[in-house]
1. What FRET efficiency do you get for Thr130 and Ala230 if R0 is 30 Å and r is their Cβ-Cβ distance, rounded to the nearest 0.05?
2. Could you please report the charge total around Val187, scoring K, R as +1 and D, E as -1 over all other residues with beta-carbon less than 15 angstrom from its beta-carbon?
3. Can you compute the charge dipole magnitude of region 110-237 about its Cα centre, using +1 on each Lys and Arg Cβ and -1 on each Asp and Glu Cβ, nothing else charged? Give it in debye, rounded to the nearest 20.
4. Restricting to Cα pairs below 8 Å that are 6+ residues apart, what does the relative contact order work out to for region 110-237? Please round to a whole percent.
5. Rank the residues Glu125, Glu234 as a footprinting-exposure proxy: fewest other Cβ atoms within 10 Å of their Cβ go first.
6. Can you check what the net charge comes to around Ala233, using other residues whose Cβ is under 9 Å from the Cβ of Ala233 (Lys, Arg +1; Asp, Glu -1)?
7. Going by how many other Cβ atoms sit within 10 Å of their own, how do Arg152, Arg238 line up, fewest first?
8. Calculate, in whole percent, how much of the Cα-Cα pair population of region 113-238 lies beyond 24 Å.
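The numbers here are math on the coordinates, done by the rules we state, and not lab data. In this text the structure is predicted, and so the values were computed from the model without any measurement. Using ideal geometry, Cβ is built from the backbone for each residue, glycine included, and neighbour counts are taken over all protein chains shown.
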Amino acid sequence: MGERKRWLTTLGNAALILAALLLGALIAAIVRGRDALDLMDKMGSTLGVIVALVVVPVSLLGGVAAEQTSHRSETRRTGRVVNAALLVIAFVAGAVVLTFVRLPGDDTPASDVGFAFTEPAPGSEFAPKTRIGLAGTFGGGPDGHTLWIVSRGDSSRDYFIVGGGPVTVAQEGRWVASASVGDQDDVGHTFRFTAIDANADCHGLLLTAAGGQNSDYRLPAIPYPCKPLAPTAEITLR
């Protein structure tokens, strides 16, 4: 019974620590305005590593220590304090990861003074299927980088590659593109255009997504190591 109790305690501690980690991450995501379901998808592999390397070993050690000294009330109180501290640390760690670390596939735009949208104007409204003019400036990333534009509606989890390929950037840094989005069912919804600074690896991933005769230029997420740029541009269908 002692061995079984120790393992149950260990599993309970691990579950509590993981729950605190997820809660901290989720609160940080809500503060940053990110979709919670997308967030959990993108955190899957990272959380797996954290659980394997941190949560399980810490819980095992805590379970062993608690079992060895469970007969002393003072030590039990100390164990509760330690467990509470671990929960707080896990909560803070989850929040810090989502606040300061860009996870693989993270689609939160990064501020970049070299990029801007000049069209469409803020608050623009269009009819469904209208050809929307996009334009802006791009200071350019390192040599070999390309600029892509993707769109996503507020009722969709998928992105769509505008134009089916990279945007041509003139020597002075100006670029133009066009897109048509939505249909009658999307009237009243907002669509956001996001620019991507693509290195060679990102460029290859986007080309693969855009390639093929049956491609609909759909992306379930902005892949790593693609770099979304800020600001974004939004339009509403009327």
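1. Between Thr130 and Ala230 the formula returns 0.75.
2. Working: positive: Lys129, Arg238; negative: Glu125, Asp154, Asp183, Asp185, Asp186.
Result for the neighbourhood of Val187: -3.
3. Around 100 debye, computed over region 110-237.
4. Details: 287 pairs, mean separation 45.7, N = 128.
Once divided by the residue count of region 110-237, the mean separation gives 36 percent.
5. Numbers: Glu125 10, Glu234 16.
Least to most surrounded, the residues fall as Glu125, Glu234.
6. So the surrounding residues net to -1.
7. The most exposed by this proxy come first: Arg238, Arg152.
8. Numbers: 1834 of 7875 pairs.
Considering region 113-238, 23 percent of its Cα-Cα pairs are separated by more than 24 Å.
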